[in-house]
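Take a look at the following structure, please.
The values are calculated or read from the model by the stated rules, or taken from the named source; none is laboratory data. Because the structure is a prediction, the values reported are computed rather than measured. Because the Cβ atoms are built from the backbone with ideal geometry, glycine has one as well, and the counts that use them run over all protein chains shown.
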Amino acid sequence: ICGAICAIVTFKLADWTQPVVEEEFGLPGVSFPTSNSISWAPLAYLLNKVYDHIPGLNKLKADPESIQKKFGVLGEPLMIGTILGAVFGILGGNDVAGVMTVAMYTAATMVLTPKMMQVLMEGLIPFADAVKELLNKKFSGNKFHIGIDAALTIANPSCIAVGILMVPTTIILAMVLPFNRLLPISDIAYQAMWLSAYPVAFSKGNVVRSYISCVIFTIIMLFIATSLAPVHTALAVAGGYDLAGAALVSTEDAGTHLLSYLLSVVAGLFH
(Lines give C-alpha, C1' and ligand atoms only; values in the text may rest on other atoms or scores of the structure.)
Protein backbone atom coordinates (compact mmCIF):
# COMPACT_ATOMS: atom_id res chain seq x y z
CA ILE A 1 0.00 0.00 0.00
CA CYS A 2 2.81 2.39 0.89
CA GLY A 3 4.56 1.57 -2.38
CA ALA A 4 1.41 2.36 -4.36
CA ILE A 5 0.89 5.65 -2.49
CA CYS A 6 4.53 6.57 -3.05
CA ALA A 7 4.20 5.91 -6.79
CA ILE A 8 0.98 7.94 -7.09
CA VAL A 9 2.36 10.94 -5.20
CA THR A 10 5.64 10.77 -7.11
CA PHE A 11 3.90 10.80 -10.50
CA LYS A 12 1.59 13.66 -9.48
CA LEU A 13 4.56 15.68 -8.24
CA ALA A 14 6.32 14.97 -11.53
CA ASP A 15 3.31 16.33 -13.42
CA TRP A 16 3.21 19.43 -11.18
CA THR A 17 6.91 20.21 -11.53
CA GLN A 18 7.28 19.37 -15.23
CA PRO A 19 6.77 22.96 -16.49
CA VAL A 20 9.40 24.42 -14.13
CA VAL A 21 11.82 21.58 -14.95
CA GLU A 22 11.36 22.26 -18.65
CA GLU A 23 11.89 26.00 -18.23
CA GLU A 24 14.89 25.94 -15.89
CA PHE A 25 16.79 22.95 -17.25
CA GLY A 26 15.90 23.36 -20.91
CA LEU A 27 14.43 19.87 -21.22
CA PRO A 28 11.18 20.04 -23.21
CA GLY A 29 8.62 17.41 -22.27
CA VAL A 30 10.80 15.96 -19.50
CA SER A 31 10.20 15.50 -15.76
CA PHE A 32 12.23 14.02 -12.89
CA PRO A 33 10.04 11.41 -11.10
CA THR A 34 12.88 10.02 -8.98
CA SER A 35 11.63 9.85 -5.40
CA ASN A 36 14.97 10.74 -3.81
CA SER A 37 14.73 14.12 -5.52
CA ILE A 38 11.09 14.95 -6.21
CA SER A 39 10.01 14.23 -2.63
CA TRP A 40 11.69 17.51 -1.72
CA ALA A 41 9.89 19.57 -4.39
CA PRO A 42 7.01 20.83 -2.14
CA LEU A 43 9.47 21.89 0.58
CA ALA A 44 11.72 23.56 -2.01
CA TYR A 45 8.70 25.48 -3.32
CA LEU A 46 7.64 26.62 0.17
CA LEU A 47 11.17 27.66 1.16
CA ASN A 48 11.51 29.72 -2.01
CA LYS A 49 8.28 31.51 -1.08
CA VAL A 50 9.74 32.23 2.36
CA TYR A 51 12.91 33.67 0.80
CA ASP A 52 10.70 36.06 -1.18
CA HIS A 53 9.82 37.76 2.13
CA ILE A 54 13.31 37.93 3.69
CA PRO A 55 14.88 41.40 3.24
CA GLY A 56 18.12 41.25 1.30
CA LEU A 57 17.67 37.67 0.21
CA ASN A 58 14.56 38.51 -1.79
CA LYS A 59 16.52 41.06 -3.86
CA LEU A 60 19.70 39.02 -4.30
CA LYS A 61 20.27 37.83 -7.85
CA ALA A 62 22.65 34.88 -7.65
CA ASP A 63 21.95 32.87 -10.78
CA PRO A 64 24.96 32.09 -13.04
CA GLU A 65 23.98 34.76 -15.59
CA SER A 66 23.71 37.50 -12.94
CA ILE A 67 26.97 36.42 -11.29
CA GLN A 68 28.76 36.42 -14.63
CA LYS A 69 27.33 39.83 -15.52
CA LYS A 70 28.33 41.32 -12.16
CA PHE A 71 31.81 39.82 -11.85
CA GLY A 72 32.77 39.53 -15.50
CA VAL A 73 35.40 36.88 -16.15
CA LEU A 74 35.41 35.97 -12.44
CA GLY A 75 31.78 34.91 -12.85
CA GLU A 76 32.62 32.36 -15.55
CA PRO A 77 32.07 28.70 -14.53
CA LEU A 78 35.77 28.05 -15.15
CA MET A 79 36.82 30.77 -12.69
CA ILE A 80 34.16 29.88 -10.12
CA GLY A 81 35.32 26.27 -10.17
CA THR A 82 38.96 27.33 -9.87
CA ILE A 83 38.27 29.61 -6.91
CA LEU A 84 36.07 27.08 -5.09
CA GLY A 85 38.57 24.31 -5.72
CA ALA A 86 41.46 26.40 -4.44
CA VAL A 87 39.54 27.29 -1.27
CA PHE A 88 38.69 23.64 -0.62
CA GLY A 89 42.27 22.62 -1.32
CA ILE A 90 43.57 25.13 1.21
CA LEU A 91 40.99 24.11 3.82
CA GLY A 92 42.00 20.51 3.22
CA GLY A 93 45.59 21.30 4.21
CA ASN A 94 47.09 20.56 0.79
CA ASP A 95 50.41 21.92 -0.39
CA VAL A 96 50.61 24.27 -3.37
CA ALA A 97 50.59 21.43 -5.89
CA GLY A 98 47.61 19.82 -4.14
CA VAL A 99 45.66 23.08 -4.09
CA MET A 100 46.35 23.57 -7.81
CA THR A 101 45.19 20.03 -8.54
CA VAL A 102 41.91 20.42 -6.63
CA ALA A 103 41.32 23.78 -8.31
CA MET A 104 41.88 22.32 -11.79
CA TYR A 105 39.65 19.30 -11.14
CA THR A 106 36.84 21.49 -9.80
CA ALA A 107 37.14 23.91 -12.73
CA ALA A 108 37.05 21.00 -15.18
CA THR A 109 33.91 19.66 -13.49
CA MET A 110 32.18 23.03 -13.82
CA VAL A 111 33.04 23.32 -17.53
CA LEU A 112 33.05 19.79 -18.94
CA THR A 113 30.16 18.10 -17.12
CA PRO A 114 27.41 20.26 -18.68
CA LYS A 115 28.91 19.71 -22.13
CA MET A 116 28.98 15.93 -21.64
CA MET A 117 25.36 15.92 -20.46
CA GLN A 118 24.42 18.08 -23.44
CA VAL A 119 25.77 15.39 -25.77
CA LEU A 120 23.71 12.77 -23.92
CA MET A 121 20.56 14.89 -24.17
CA GLU A 122 21.05 15.44 -27.91
CA GLY A 123 20.71 11.69 -28.33
CA LEU A 124 17.96 11.25 -25.75
CA ILE A 125 15.50 13.99 -26.74
CA PRO A 126 14.63 12.57 -30.21
CA PHE A 127 13.87 9.19 -28.61
CA ALA A 128 11.78 10.86 -25.89
CA ASP A 129 9.90 12.91 -28.47
CA ALA A 130 9.08 9.79 -30.50
CA VAL A 131 7.74 7.95 -27.43
CA LYS A 132 5.65 10.96 -26.40
CA GLU A 133 4.21 11.27 -29.89
CA LEU A 134 3.25 7.59 -29.90
CA LEU A 135 1.61 7.73 -26.46
CA ASN A 136 -0.22 10.99 -27.10
CA LYS A 137 -1.58 9.55 -30.34
CA LYS A 138 -2.84 6.38 -28.64
CA PHE A 139 -4.14 8.18 -25.52
CA SER A 140 -5.41 11.46 -26.90
CA GLY A 141 -5.56 14.42 -24.52
CA ASN A 142 -3.18 13.07 -21.86
CA LYS A 143 -0.14 15.22 -22.80
CA PHE A 144 2.46 12.69 -21.72
CA HIS A 145 5.97 13.74 -20.78
CA ILE A 146 9.05 11.57 -20.26
CA GLY A 147 10.35 10.77 -16.79
CA ILE A 148 14.15 10.80 -16.54
CA ASP A 149 16.55 10.46 -13.61
CA ALA A 150 17.21 13.75 -11.80
CA ALA A 151 20.93 13.07 -12.28
CA LEU A 152 20.55 14.99 -15.56
CA THR A 153 20.47 18.20 -13.50
CA ILE A 154 24.23 17.83 -13.20
CA ALA A 155 24.34 19.63 -16.56
CA ASN A 156 23.04 22.78 -14.85
CA PRO A 157 25.75 25.22 -13.62
CA SER A 158 23.76 26.14 -10.50
CA CYS A 159 23.30 22.49 -9.53
CA ILE A 160 27.02 21.86 -10.03
CA ALA A 161 27.96 24.88 -7.90
CA VAL A 162 25.57 23.90 -5.10
CA GLY A 163 26.73 20.28 -5.29
CA ILE A 164 30.38 21.29 -4.91
CA LEU A 165 29.58 23.56 -1.96
CA MET A 166 27.53 20.86 -0.27
CA VAL A 167 30.35 18.29 -0.15
CA PRO A 168 32.28 20.01 2.69
CA THR A 169 29.03 21.36 4.14
CA THR A 170 27.61 17.84 4.47
CA ILE A 171 30.74 16.65 6.28
CA ILE A 172 30.58 19.61 8.67
CA LEU A 173 26.89 19.03 9.37
CA ALA A 174 27.55 15.34 10.01
CA MET A 175 30.19 16.34 12.57
CA VAL A 176 28.17 18.95 14.48
CA LEU A 177 24.58 17.68 14.45
CA PRO A 178 23.98 15.96 17.81
CA PHE A 179 21.49 13.41 16.47
CA ASN A 180 23.60 12.27 13.52
CA ARG A 181 25.55 8.99 13.51
CA LEU A 182 26.15 8.69 9.76
CA LEU A 183 29.60 9.32 8.30
CA PRO A 184 28.72 10.51 4.77
CA ILE A 185 31.05 8.89 2.25
CA SER A 186 29.39 6.67 -0.35
CA ASP A 187 26.96 9.15 -1.95
CA ILE A 188 28.47 12.47 -0.95
CA ALA A 189 29.81 13.24 -4.43
CA TYR A 190 26.37 13.33 -6.01
CA GLN A 191 23.57 13.29 -3.43
CA ALA A 192 23.53 17.10 -3.40
CA MET A 193 22.73 17.04 -7.13
CA TRP A 194 19.47 15.26 -6.36
CA LEU A 195 18.63 17.57 -3.47
CA SER A 196 19.49 20.75 -5.38
CA ALA A 197 17.32 20.03 -8.43
CA TYR A 198 14.09 21.61 -7.21
CA PRO A 199 15.60 24.44 -5.14
CA VAL A 200 17.44 25.44 -8.32
CA ALA A 201 14.32 25.04 -10.44
CA PHE A 202 11.98 27.07 -8.20
CA SER A 203 14.58 29.80 -7.52
CA LYS A 204 15.41 30.08 -11.23
CA GLY A 205 19.01 29.10 -10.68
CA ASN A 206 19.69 31.24 -7.60
CA VAL A 207 22.75 29.57 -6.07
CA VAL A 208 22.40 31.25 -2.64
CA ARG A 209 18.75 30.28 -2.18
CA SER A 210 19.43 26.77 -3.46
CA TYR A 211 22.39 26.33 -1.13
CA ILE A 212 20.37 27.39 1.93
CA SER A 213 17.58 24.98 0.98
CA CYS A 214 20.09 22.16 0.47
CA VAL A 215 21.59 22.78 3.91
CA ILE A 216 18.09 22.39 5.40
CA PHE A 217 17.45 19.30 3.27
CA THR A 218 20.77 17.75 4.29
CA ILE A 219 20.02 18.21 7.99
CA ILE A 220 16.75 16.31 7.45
CA MET A 221 18.53 13.74 5.26
CA LEU A 222 21.08 12.97 7.98
CA PHE A 223 18.29 12.54 10.52
CA ILE A 224 16.42 10.10 8.26
CA ALA A 225 19.56 8.15 7.35
CA THR A 226 20.43 7.80 11.04
CA SER A 227 16.88 6.76 11.93
CA LEU A 228 16.84 4.11 9.20
CA ALA A 229 20.22 2.63 10.16
CA PRO A 230 18.76 -0.31 12.16
CA VAL A 231 16.43 -1.24 9.27
CA HIS A 232 19.18 -0.68 6.71
CA THR A 233 21.56 -2.88 8.73
CA ALA A 234 18.98 -5.66 9.20
CA LEU A 235 18.36 -5.75 5.44
CA ALA A 236 22.10 -5.83 4.76
CA VAL A 237 22.65 -8.72 7.18
CA ALA A 238 19.67 -10.62 5.73
CA GLY A 239 21.21 -10.19 2.29
CA GLY A 240 24.52 -11.66 3.42
CA TYR A 241 26.46 -8.39 3.61
CA ASP A 242 29.60 -8.51 5.74
CA LEU A 243 29.49 -5.57 8.16
CA ALA A 244 33.25 -5.90 8.76
CA GLY A 245 32.87 -5.05 12.43
CA ALA A 246 30.50 -2.10 11.94
CA ALA A 247 27.57 -1.91 14.34
CA LEU A 248 25.24 -0.08 11.94
CA VAL A 249 25.30 0.87 8.27
CA SER A 250 23.25 3.41 6.32
CA THR A 251 23.64 5.74 3.33
CA GLU A 252 22.90 9.31 2.32
CA ASP A 253 20.64 7.91 -0.40
CA ALA A 254 18.44 6.25 2.23
CA GLY A 255 18.00 9.65 3.84
CA THR A 256 16.94 11.37 0.62
CA HIS A 257 13.76 9.30 0.23
CA LEU A 258 11.65 11.70 2.28
CA LEU A 259 8.25 10.47 1.09
CA SER A 260 9.10 6.81 1.67
CA TYR A 261 10.33 7.60 5.18
CA LEU A 262 7.18 9.53 6.08
CA LEU A 263 5.03 6.68 4.77
CA SER A 264 7.05 4.17 6.81
CA VAL A 265 6.49 6.27 9.94
CA VAL A 266 2.73 6.36 9.29
CA ALA A 267 2.68 2.63 8.53
CA GLY A 268 4.50 1.98 11.81
CA LEU A 269 1.57 3.54 13.69
CA PHE A 270 -0.65 0.71 12.46
CA HIS A 271 1.83 -2.11 13.10
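Looking at the range 75-88, is at least one residue modelled with pLDDT under 70, β-branched (Val, Ile, Thr), outside any loop (DSSP other than H, G, I, E, B) and crowded, with 18+ Cβ neighbours inside 10 Å?
Yes, the range 75-88 contains at least one residue that is modelled with pLDDT under 70, β-branched (Val, Ile, Thr), outside any loop (DSSP other than H, G, I, E, B) and crowded, with 18+ Cβ neighbours inside 10 Å.
Looking at (1) of a type outside the set (S, T, N, Q); (2) under 27 Å from residue 86 (Cβ atoms); (3) modelled with pLDDT of 85 or more, can you tell me which one residue 157 breaks?
Unmet for residue 157, out of (1) of a type outside the set (S, T, N, Q); (2) under 27 Å from residue 86 (Cβ atoms); (3) modelled with pLDDT of 85 or more: (3).
Working only within the range 24-47, note down all residues that are touching an Asp or Glu at 6+ places or on another chain (Cβ under 7 Å) and part of a helix (DSSP H, G or I).
Within the range 24-47, just 36 meets the criteria.
Of 21, 50, which residue is assigned to a helix (DSSP H, G or I), more than 25 Å from residue 187 (Cα to Cα) and among the β-branched types (Val, Ile, Thr)?
Details: 21 fails: more than 25 Å from residue 187 (Cα to Cα).
None of the others qualify; the one that does is 50.
Among the residues of the range 158-183 satisfying the criterion of being surrounded by 23 or more Cβ atoms within 10 Å (Cβ to Cβ) and not aliphatic (A, V, I, L, M), which is farthest from residue 210 (Cα to Cα)?
My answer is 170.
What helices (runs of 4 or more DSSP H), lying completely within the range 175-257, carry at least 2 residues that are within 17 Å of residue 46 (Cβ to Cβ) and without any contact (Cβ under 8 Å) to a residue 60 or more places away in the chain?
207-227
Now a separate question. Report whether or not residue 36 is buried (at least 20 other Cβ atoms within 10 Å of the Cβ), of a type in the set (S, T, N, Q) and either farther than 24 Å from residue 224 by Cβ or modelled with pLDDT under 90 (or both).
yes
Only one of these is at pLDDT below 90, within 30 Å of residue 16 (Cα to Cα) and aliphatic (A, V, I, L, M): 243, 269, 182, 263. Name it.
269
Among the listed residues 126, 114, which satisfies the condition of being out of contact with any helix residue (DSSP H, G or I) (no Cβ under 6 Å at 6 or more places or on another chain), at pLDDT below 80 and in a helix (DSSP H, G or I)?
None of the others qualify; the one that does is 126.
Answer yes if at least one residue in the range 129-148 is touching a residue at least 40 places away in the same chain (Cβ under 8 Å) and under 21 Å from residue 85 (Cα atoms), and no otherwise.
No, the range 129-148 contains no residue that is touching a residue at least 40 places away in the same chain (Cβ under 8 Å) and under 21 Å from residue 85 (Cα atoms).
If you take the residues in the range 199-222 that are among the aromatic types (Phe, Trp, Tyr) and touching a Phe, Trp or Tyr at 6+ places or on another chain (Cβ under 6 Å), which one is surrounded by the fewest Cβ atoms within 10 Å (Cβ to Cβ)? Talk me through it step by step, then tell me what you get.
Filtering the range 199-222 for residues among the aromatic types (Phe, Trp, Tyr) gives 202, 211, 217.
Narrowing the set further to residues that are touching a Phe, Trp or Tyr at 6+ places or on another chain (Cβ under 6 Å) leaves 202, 217.
Numbers: 202: 22, 217: 26.
Per the stated criteria, the residue is 202.
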